[in-house]
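The next block holds one structure in the form of structure tokens; read it before the comments.
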Amino acid sequence: VYSNYNSLPYHNYFHAVDVTYTVHRLMDINRTDAWLSNVEKYALLLAALCHDVGHQGKTNPFLVETQHQLARVYNDKSPLENMHAAKLFEIASNEDTDVFKRLDKDARKTARKVCIAAILHTDNAEHFEMVREVSKIYELTSDLCDGQAAQLDDLDMNYVEQVLCVPHFADVSNPLKPFKMCHAWAWRVLEEFFNQGDTEKELGLPVGMLNDRDKINRPGSQHGFINFMVAPFVLNTVKVFPSLHSVYTQMGENLEQWRHMWVAEVKPSEEEIAKKDADVQKIKDTALELRKRTMP
């Protein structure tokens, strides 16, 4: 697997390891021993390790726009994620690297199904549908979720086994980690976006929203990323998985740090600052509510 990852600012082997460890921690915190089989847990870890294998540093929209071979092969439908999944099983087809060889036929089918589904769901094009799905599950089981929030030692997770695509949550979890780590990964992913933006300019293509190094304010971009993309997903997930409430709190702290950096760099108007402050306070207030749910 290591040799099939490219030397990129962000989508590299270290990102894969970071996501794999995060998946492990998520499964541990949510006590998945009670609601996932050993084969399913193993498959989720494999999916995490291989979820970006072979990535070339360009996004799916870029591959589609340039009619890249991967876009042609996979008919413009999640070309990267389809390639990553296929690469995993290509590696496993070698007897020396077959990580499924000790599984029986049924277990291999289960592992393959989980790996493919988990990797395909790391496509950000699926993100908001996942947000809606997790929200829907909470709405249908809110009494159960809220009741168990205050009894974390007695959680029964069987009712949500289909809810969380763990690798995707881990894949967008940089804003949920201590700010030093959050900052480092943010700079790396932005550098990769900027490299793509440079190529888009050279080819005369529309430059992606976060890809223009001459126009994007880095701290400001992270504020938007957290507020509009990550926060809704994390909020609904924590409602279902109350044990994860601390990551929402950390996200609020990180949002505030990005706000301070943005103010220092941009010197914005009081009105602009007030809007950012309102976003930060909203996250903090929600974090407090999520913590209170877990108090007896």
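Accessible surface for segment 202-296, divided over its residues, is 52 Å² per residue with a 1.4 Å probe. Counting only aspartates and glutamates at least 8 places from Lys58 when in the same chain, those with an alpha carbon closer than 17 Å to its own are Asp76, Glu81, Asp123, Asp171, Glu191, Glu192, Asp198, Glu200, Glu202, Asp212. Highest-first packing order for the peptide set 48-54, 266-272 is 48-54, 266-272, based on the mean count of other beta carbon atoms within 10 Å.
Please give the Cα centre distance for segment 56-100 versus segment 214-264, rounded to the nearest Å. When both Cα centres are located, 30 Å separates them. Annotation: peptides 6-14, 245-253, ranked by per-residue average of other Cβ atoms within 10 Å with the highest first, follow the order 245-253, 6-14. Listed by chain and number, the lysines whose C-alpha is less than 23 Å from the C-alpha of Lys275, apart from same-chain residues fewer than 8 away, are Lys215, Lys267, Lys284. For segment 91-141, the per residue solvent-accessible surface stands at 66 Å², with DNA, RNA and ligands left out and a 1.4 Å probe. Per residue, the convex hull spanned by the Cα atoms of segment 1-97 amounts to 118 cubic angstrom.
Of the accessible area of the chain, computed with a 1.4 Å probe over protein heavy atoms only, carbon and sulfur atoms account for 52 percent. Listed by chain and number, the lysines placed with their C-alpha closer than 21 angstrom to that of Lys109 are Lys41, Lys87, Lys101; residues fewer than eight positions away on the same chain are left out. Distance between the modelled labels on Gln69 and Asn124, one decimal in nanometres: 2.6 nm (7 Å Cα→Cβ projection).
The values are calculated or read from the model by the stated rules, or taken from the named source; none is laboratory data. Please read these numbers as outputs of a predicted model, since none were measured by experiment. Glycine gets a Cβ as well: all are built from the backbone with ideal geometry, and neighbour counts include every protein chain shown. SASA here: full protein model, heavy atoms, side chains in, ligands and nucleic acids out. Shrake-Rupley method; radii C 1.70, N 1.55, O 1.52, S 1.80 Å.
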